[in-house]
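Written below as structure tokens is the structure these notes are about.
The values are calculated or read from the model by the stated rules, or taken from the named source; none is laboratory data. Please read all numbers here as calculations on a predicted model, not as lab measurements. Using ideal geometry, Cβ is built from the backbone for each residue, glycine included, and neighbour counts are taken over all protein chains shown.
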Amino acid sequence: MADLVTVIVRFLPGVVGETWRTSHLVPVDIEVGIPETVSTYCGVRIARGTAEVLEAYAGMPCELCLLKQPRSGAGA
């Protein structure tokens with residue numbers, strides 16, 4: 001089974017309009033690293049070079065990513 005970590009990404013300025021530059025959550029296999037194109041939990045596909053990886057949320061978080069991300073320890 002893959003060891004997944006959640007990475008926060010946001011489109012770079014100029015790639016999309018400012019209202020679309022929300023912080024998205026992306027599952028990444030730590031053994032593979034970040035691929036050429038990633039799919040966020042909300043379904044947005046982001047190509048390498050069009051987004052930045054963030055250490056923490058910056059700006060507005062994507063609400064759908066927050067809702068769809070897996071919950072660790074849920075129901076425990």
Query - Cβ-Cβ under 8 Å pairs, at least 6 apart or on other chains, segment 19-40 side loosely packed, with under 12 Cβ neighbours inside 10 Å and assigned to a strand (DSSP E or B), far side modelled with pLDDT of 90 or more and among the aliphatic types (A, V, I, L, M) - result: THR37/ILE46; THR37/ALA47
Query raised in the report: Among ALA58, ALA51, ALA47, which is the only one that is at pLDDT below 95 and either out of contact with any Cys (no Cβ under 8 Å at 6 or more places or on another chain) or not basic (Lys, Arg) (or both)?
Result: ALA58
Report summary line: Across segment 3-18, the tally of residues that are part of a loop (DSSP other than H, G, I, E, B) and either exposed (fewer than 10 other Cβ atoms within 10 Å of the Cβ) or not hydrophobic (A, V, I, L, M, F, W, C) (or both) stands at 3
**Report entry** Condition check for GLU36: among the acidic types (Asp, Glu) and farther than 15 Å from TRP20 by Cα
**Finding:** yes
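Which residue is nearest to the chain's Cα centre (by Cα), if the candidates are limited to segment 25-76 and must be of a type in the set (Ser, Thr, Tyr) and under 12 Å from LEU4 (Cβ atoms)?
TYR41
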